[in-house]
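One structure is given below, encoded as structure tokens.
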Amino acid sequence: MKLTKSVRLNKLLEEMSIYDAYDVVYYLPYKYLDLTPSEKINFNDKEKVVLLGTIVSKIDVVKPHKITISKFDLLVKDKIYHITAFNRPYLDKSFAISDVVTILGSYNQEYNYINLINIKKGSLENESKYVSLYHLSKDYPNHLFSGLVKRSLNSLQGKIYDDIPYYLINHHHLIKKYDALYKVHFPSSKEDIKEGLKYLKYEEALKFVLKTLLIKNENAKLTKYKKEPIDIDICKDFINLLPFKLTDEQYKVSKEIIADMNKNTLMYRLLQGDVGSGKTIVSFLCLYANNLRGDQGVLMAPTDALARQHFENANKIFNHLNIRVELLTGQTNKTKRKAILDDLKDGLIDILIGTHALFSKDVIYSKLGLCVIDEQHRFGVNQRHLLASKGEDCDILMMSATPIPRSLALSIYGDLDISSIHQLPFQNKKIITRIVKSDDKKIFDGIDYMLKNNRQVYVIVPLIDYESENDFSIDTISAKYLLKYPNNVAILHGKLKNNEKEEALAKFYNHEVSILVSTLVVEVGIDVKNASFMVIYNASNFGLASLHQLRGRIGRDGYPSYCFLTYDGDDKDELNKLNVLVKSFDGFYIAEEDLKMRGPGELNGLRQSGDTDFKYLNLYNDIKIFQIARNDALTILKKYQEGDKNVSYIINKCQKEIKYEKFIKS
Ligand code: ADP
Ligand code: MG
């Protein structure tokens, strides 16, 4: 059955991977607007305001250029407020003079009006005081999605089961899962959101840890066939070809990894290090060592663009060593793909680089020995299963650019082995980071200076945020830059089609344009050495770890580089947070500070960026939950081994999900 009557909306839902009522109810809001009326009557510039009042003028609509501007006056007690709404062509059809309405807006001091963000008829009941906002395609109105959520929840009554064993539900004072979902979508208080998220996050953590443990137990039974022992010293040919000297840390972790590859148990190791710490070369070195012992290797990247970049870099070295490297992504054409698959099966390809396509059913390796997975946090934990059909003897190296202090990593990933790089190749030439106001002249001065020196610039804006923060939306900012730097700007955001994204990236990558205006998309491993300036608008909207990741995109060739974080407010905590970045460049330290400031275990909303594979959990925020879940998961396993029936439901469910994930990914 289709979810809505509209063909167009159904198509949009499919694009969001939403196919049935379950998908709808598990698609949670990323943010809530609180529509409790303000007590205040005077406001500061840009302050968010909620007013309950009566419309006392005709709604006046003008259409200069391509935008619609609607204006009306609102009477609240005995004060009149001027309201302005941009691009709401139907406002005057839905509302009229003498309507009582609740509005949310932001105050514009210069012109003394309120910029409308949300409007509702009447004074609001408890439940609808919170408007849930969803990340949706531009053409899918938020209120329609909200209606769909309500219908879906109603249709699923009695059909949503608790996976968590009852003794744990009682122990942690959790509500039922159905109620948790309901409260998260339609809260009537902050408490509701907290309670709902508490269930969903805990369940996600518990199942994640449980699955990891189940997989790990299974893996422990596997052993490798005996391979030729290797040593980093025989990789000299490779090392000599590098245009630079390996840092001590790169050398150290390479040794660690190779020693692990020599063991007769399978390697399952995480290599973590800051953005720009040079993990790629380490992985190439290990792929080389793996090749020397006669095995094939793969390198999997999360995006086509990144896979291509790795492929180009790999060729620069491996071409000289008579090692054949190929690229396989979803975009590889049929003929090429067939040729690659044939050669791969015959063992004629040494190293294959690509995306998830590397693990399609029809991809058969002759002798896969090492699998490297870049930007690990995008993939989840079941890589071992992903690989099971490709060669049981395969070592796995995962690379993550979200450094997490060891103790934290252990609570999340269990007994995973970890290698860490703590040093950057260009440590002596630090990036200078500054906090500035968004209209500070220094921003454009800096950019002009960089452009004059033929350098490149990143401009980062917060996530596209449906119906708020108009000043910093990707549209507003990119218009500003296009106007000032015509023909020199590429624009990149999540709502572009894949080929449009690739095109924008390629333009910047090949230096056809000097400026890339982008949302967080750019966070994933892009390496443009010539970039030496970055502005991040509304920086406090991002987490510290994300900001640090972003900043790592510049200064990659040692050229003196600048990162400007804009912040227009005066909140001490926000400033302190941003100041951590001004002072430090150590990802591990920043991660710890981030953690301290957020206060672990806090449930203050959903994660904002796509920086992990978790739906509800935030790696940094929710570390406490992971720790609790880990203890509980260990007990569950113990009970299971003792034959306790109370835990068999969740175990079966996890085992099924492991199989299912394996199935859908292959
Ligand atoms: P990440 O760890 O973020 O994946 P990369 O592997 O992309 O980092 O490396 C970042 C940049 O640093 C690349 O351009 C790479 O060529 C360069 N690089 C790596 N190791 C060194 C080194 N030892 N000396 C100088 N430059 C290096
Ligand atoms: Mg990388």
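The values are calculated or read from the model by the stated rules, or taken from the named source; none is laboratory data. Because the structure is predicted, anything quoted here is derived from the model rather than measured. A quick note on method: Cβ atoms are made from the backbone with ideal geometry, for glycine too, and the neighbour counts reach across all protein chains shown.
List of remarks:
- Filter pass, Ser438 being within 16 Å of ligand 1 (Cβ to nearest atom) and either at pLDDT below 90 or under 26 Å from the mean Cα position of the chain (by Cα) (or both): no
- Scan segment 262-273 for residues that are within 14 Å of ligand 2 (Cβ to nearest atom) and part of a loop (DSSP other than H, G, I, E, B) and the total you get is 0.
- For beta carbons closer than 7 Å, sequence separation of 6+ or different chains, a first residue in segment 6-35 that is of a type in the set (Gly, Ala, Ser) and a second that is at pLDDT 90 or above and crowded, with 19+ Cβ neighbours inside 10 Å, the qualifying pairs are Ala21/Ser152.
- Selection status of Tyr81, farther than 30 Å from Tyr182 by Cα, touching a residue at least 24 places away in the same chain (Cβ under 8 Å) and in contact with a Ser or Thr (Cβ under 8 Å, 6 or more places away or on another chain): no
- Tyr251 being under 28 Å from Gln549 (Cβ atoms), in contact (Cβ under 8 Å) with a residue 40 or more places away in the chain and over 27 Å from the mean Cα position of the chain (by Cα): no
- Residue match in segment 529-550 (condition: under 21 Å from Asn454 (Cβ atoms) and more than 16 Å from ligand 1 (Cβ to nearest atom)): yes
- Any hit, segment 55-77, residues being acidic (Asp, Glu) and in contact with a strand residue (DSSP E or B) (Cβ under 7 Å, 6 or more places away or on another chain): yes
- Restricting segment 297-322 to residues that are surrounded by fewer than 24 Cβ atoms within 10 Å (Cβ to Cβ) and of a type in the set (Val, Ile, Thr), the residue that is farthest from ligand 2 (Cβ to nearest atom): Ile317
- The residues of segment 275-309 that are closer than 15 Å to Leu327 by Cβ and either free of Cβ contacts under 8 Å to residues at least 12 places away in the same chain or touching a Phe, Trp or Tyr at 6+ places or on another chain (Cβ under 7 Å) (or both) amount to a single one, Gln296.
- Segment 249-261: number of residues that are within 16 Å of ligand 2 (Cβ to nearest atom) and not aliphatic (A, V, I, L, M): 3
For (1) under 34 Å from the mean Cα position of the chain (by Cα); (2) buried (at least 17 other Cβ atoms within 10 Å of the Cβ), each residue gets a yes or a no:
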{"site": "Ser6", "(1), (2)": "yes, no"}
{"site": "Tyr27", "(1), (2)": "yes, yes"}
{"site": "Asn44", "(1), (2)": "yes, no"}
{"site": "Leu52", "(1), (2)": "no, yes"}
{"site": "Phe86", "(1), (2)": "yes, no"}
{"site": "Pro89", "(1), (2)": "yes, no"}
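- Every test in (1) within 16 Å of ligand 2 (Cβ to nearest atom); (2) modelled with pLDDT of 80 or more; (3) not charged (D, E, K, R) is passed by Val522 save one, and that test is (2).
- Out of Asp594, Asp570, Asp611, Asp622, one residue alone is assigned by TED's automatic domain parsing to the domain that holds Ala539 and modelled with pLDDT under 85. It is Asp570.
- Residues considered: Gly294, Gly276. Of these, the only one that is away from ligand 2 (no atom under 16 Å from the Cβ), outside any helix (DSSP H, G or I) and among the small types (Gly, Ala, Ser) is Gly294.
- Of all residues making up segment 207-231, the number that are over 26 Å from the mean Cα position of the chain (by Cα) and among the aliphatic types (A, V, I, L, M): 4
- Any hit, segment 281-290, residues being more than 16 Å from ligand 2 (Cβ to nearest atom) and out of contact with any Cys (no Cβ under 7 Å at 6 or more places or on another chain): yes
- Search result, residues across segment 85-112 that are without any contact (Cβ under 8 Å) to a residue 40 or more places away in the chain, among the polar types (S, T, N, Q) and more than 24 Å from Ser128 (Cβ to Cβ): Asn112
- Residues satisfying the stated conditions in segment 499-519, i.e. buried (at least 24 other Cβ atoms within 10 Å of the Cβ) and away from ligand 2 (no atom under 16 Å from the Cβ): Phe508, Ile515, Leu516, Val517, Ser518
- Leading residue by the ranking (surrounded by the most Cβ atoms within 10 Å (Cβ to Cβ)) among those in segment 269-296 that are small (Gly, Ala, Ser), modelled with pLDDT under 95 and within 13 Å of ligand 1 (Cβ to nearest atom): Ser277
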